[in-house]
Amino acid sequence: MRNWQPLAGGKKTFCSMRFARNRSRLQAIPEGPDHARGSTPTGALVDEAAFQAFVEKTLAALVPALGLHGRLTLVSSAAPSYMEMLAFQKTHV
């Protein structure tokens, strides 16, 4: 069994992948703070954060969900945005 295949008896759904080896799950969600609420992730990766219209509100929803030990990673190509302020002024969310 390949590491990325869903667990036996598990569901394979659009935008979701379950890893058999460590029983973790990768879930893709759309942009926006409403989609970030309601779960308790151990980590979050926000792709192209500089181009997301609601990234500040999304981060405000994600940070409490991640708790004290969750990991938040922002990735983006360059653009003037809230992410630029976070990167260069070292402002914490």
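The values are calculated or read from the model by the stated rules, or taken from the named source; none is laboratory data. These numbers come from a predicted model, not from an experiment. Here Cβ is always computed from backbone atoms with ideal geometry, including for glycine, and neighbour counts include all displayed protein chains. The accessibility values were calculated without ligands, DNA or RNA, using every heavy atom of the protein model including side chains. Shrake-Rupley method; radii C 1.70, N 1.55, O 1.52, S 1.80 Å.
With each label point set 7 Å from Cα along the Cα-Cβ vector, what nm distance links THR42 and ALA65?
Result: 1.7 nm between the two label points.
Could you look at the stretch 44-93 and say what percent of its accessible area is carbon and sulfur, using a 1.4 Å probe and all protein chains?
61 percent
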